[in-house]
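As structure tokens, the structure follows; a few thoughts come after it.
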Amino acid sequence: MALSPGDSPGFLLWHATLRWQRDIAAALGPLDLTHVQFVLLACTWWMNKHGEHPNQLAVARQAGTDVKMTSQVLRALETKGWIEREVDPADTRAKRLRVTTAGAELAPRAIAAVEAVDTTFFQPVARDEAVALLSRLAHP
């Protein structure tokens, strides 16, 4: 027996994801960031803050993004003056990343905006339950 759309976990996830993405886009728009730009800036900022000077591959792995797309988005962040990419002395084919002063000021503001969206969006569910479920779904 086929499920109705309202009984389909995948269909419900699709709608929840679309709503969440719209809310995230609305929060990041005034900061001149797309969602992907935010994720890559935040990952780079976090890694830099913890003493790492990652290359693009390390940031892509942290973010769970495609390496080629990551390179293109990081180039856009560099154009905006929020990150710097420099040749990795250990591997001249790789680019090491550093958040600029402007990027380091923007990242925590953007993270706060996204966290506010998450707080509101996930309010109907206990935080620990949401994290546990999403962790199981994201890392089977």
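The values are calculated or read from the model by the stated rules, or taken from the named source; none is laboratory data. Worth saying up front: this structure is predicted, and the values here are computed from it rather than measured. Cβ placement follows ideal geometry from the backbone for every residue including glycine, while neighbour counts extend to all protein chains displayed. Accessible surface areas use protein heavy atoms only, side chains included; no ligands, DNA or RNA. Shrake-Rupley method; radii C 1.70, N 1.55, O 1.52, S 1.80 Å.
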Residue count, the range 78-117 (criterion: within 20 Å of residue 51 (Cβ to Cβ) and either open to solvent by less than 50 Å² (accessible area, probe 1.4 Å) or of a type outside the set (Val, Ile, Thr) (or both)): 22
Among (1) modelled with pLDDT of 95 or more; (2) of a type in the set (S, T, N, Q); (3) part of a strand (DSSP E or B) - the single one residue 44 does not satisfy: (3)
Per-region count, the range 1-38, residues in a loop (DSSP other than H, G, I, E, B), hydrophobic (A, V, I, L, M, F, W, C) and over 14 Å from the mean Cα position of the chain (by Cα): 3
Positions within the range 69-91 being of a type in the set (Val, Ile, Thr), out of contact with any helix residue (DSSP H, G or I) (no Cβ under 9 Å at 6 or more places or on another chain) and under 20 Å from residue 32 (Cβ atoms), in sequence order: 79
Residue in the range 42-63 that is touching a residue at least 12 places away in the same chain (Cβ under 8 Å) and closer than 22 Å to residue 120 by Cα present: yes
Only one of 23, 7 that is open to solvent by 70 Å² or more (accessible area, probe 1.4 Å) and closer than 25 Å to residue 133 by Cα: 7
Out of 85, 109, sole residue that is in contact (Cβ under 8 Å) with a residue 24 or more places away in the chain, of a type outside the set (S, T, N, Q) and assigned to a strand (DSSP E or B): 85
